[in-house]
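Each remark here refers to the structure printed beneath this line.
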Amino acid sequence: MYTKFFGFKEKPFSLVPNPGYLYKSNEHAHALTFLEYGLTEKIGFVMLTGEIGIGKTTLIRYLLNRIEADTDVAVIFNTNILSDDFIKLILDEFEIEYDNGITKANAISILYEFLIKKYAAKRSVLLVIDEAQNLSDEVLEEIRMLSNLQTDDEMLLQIMIVGQPNLRDKIQSPGLEQFAQRISVSYHMPAMPLEETAAYIAHRLDKAGGSPDLFPMDVVEMIFKASGGIPRTINLLCDAALVYGYADDKKIITPNILAQVIKGKGRMGIFTKQKLKQSSRKVLDDESPALDQIEEKIAKMQLQIDKLTETLDAHLNEAGTRAEFCRDALVSNLIKLLKAERKRCASLEYALGIFKGQYKLKKIKK
């Protein structure tokens, strides 16, 4: 509708994941490095997490487009499934024939035969599971058991799990400890800061053949505050702003136009960053947590930081060992990223220490 008016060759802010429009922010570049390392080295499960709308699916599609021709790939999107149906779903996605009414044991045997044939033909096999936060503990255990399908020195099936932040919390539960130990490479994608939000908008406008000046910086700042740096919400706001601008015959999006968009989207129940903050404040005002709950959260945070530190050190040592035999850019870049993550982990521990001190001081005053 507005493409011709603004001089676009296509809509720049479509909500459909399009790897051709991928903006490689620092976080996206880091995520790609970790994922490519995990797939190239075949070192176990790979996990990618991030907020809703952060661009996980777009990133995965971009990565799959770069997968070498000697790799067979299957992607599972339907994660609201029963344990008994999971192996059959994998067979379906790899287009492996089997009889109806087959038992789980026979299904696993057929999958194993398929993997052996691919291994003999020097082909890799990759299973991508999207929306993995919806998986039951029973299905996650089925996924863990698939790691037993291996030769003496190599996994026959590589698995990449992708999900929302609560996936990380889920696999840290005591019952899934063995599953968590199978994850060799993981990365969490945070929201974009203001500078990258501006670059993201300019990138998509340019990709569609338009001018980055269409959204002035004061409008970009409003978009950032309303979206919290989440790409899908940015797309939603920008697309609506272009519709409003077209309707008002405006060649440049103004703060007034965006204010109307935000107001209209608010009526439709779309949560902006400010609304989420207001909801959080209301919860805190209405229901202050008990002291023992705070102490329990502190203990859990400390445990998570300790585990993160241990995992990072292990990965860093492994990457250093590999670098002695393989001096490629991927391993060197990974070592730099791991060191950066370890510094970030140290900052978290420092912040937790301050929080503990403040909490103890409040407790003494009470």
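Assorted remarks:
- Residue within segment 17-31 that is buried (at least 18 other Cβ atoms within 10 Å of the Cβ), outside any loop (DSSP other than H, G, I, E, B) and aliphatic (A, V, I, L, M) present: yes
- If the condition is being assigned to a loop (DSSP other than H, G, I, E, B), out of contact with any strand residue (DSSP E or B) (no Cβ under 7 Å at 6 or more places or on another chain) and of a type outside the set (Lys, Arg), then segment 65-78 contributes 68, 69, 77, 78.
- Filter result for residue 36 (over 29 Å from residue 153 (Cα atoms) and among the acidic types (Asp, Glu)): no
- Residue in segment 89-115 that is farthest from the chain's Cα centre (by Cα), counting only those that are assigned to a loop (DSSP other than H, G, I, E, B) and aromatic (Phe, Trp, Tyr): 98
- Counting residues in segment 33-42 that are at pLDDT below 85, assigned by TED's automatic domain parsing to the domain that holds residue 165, of a type in the set (A, V, I, L, M) and crowded, with 17+ Cβ neighbours inside 10 Å gives one or more.
- Of the set (1) on the phi < 0 side of the Ramachandran plot; (2) free of Cβ contacts under 8 Å to residues at least 40 places away in the same chain, all apply to residue 249 but (1).
- Boolean, residue 80 is under 25 Å from residue 164 (Cα atoms), touching a Pro at 6+ places or on another chain (Cβ under 6 Å) and at pLDDT below 90: no
- Residue check, residue 48 surrounded by 18 or more Cβ atoms within 10 Å (Cβ to Cβ), on the phi < 0 side of the Ramachandran plot, in a strand (DSSP E or B) and not hydroxyl-bearing (Ser, Thr, Tyr): yes
- Positions within segment 152-168 being over 14 Å from the mean Cα position of the chain (by Cα) and not in a strand (DSSP E or B), in sequence order: 152, 153, 154, 156, 157
The values are calculated or read from the model by the stated rules, or taken from the named source; none is laboratory data. These numbers come from a predicted model, not from an experiment. With ideal geometry, Cβ positions are generated from the backbone for all residues, glycine too; neighbour counts draw on all protein chains shown.
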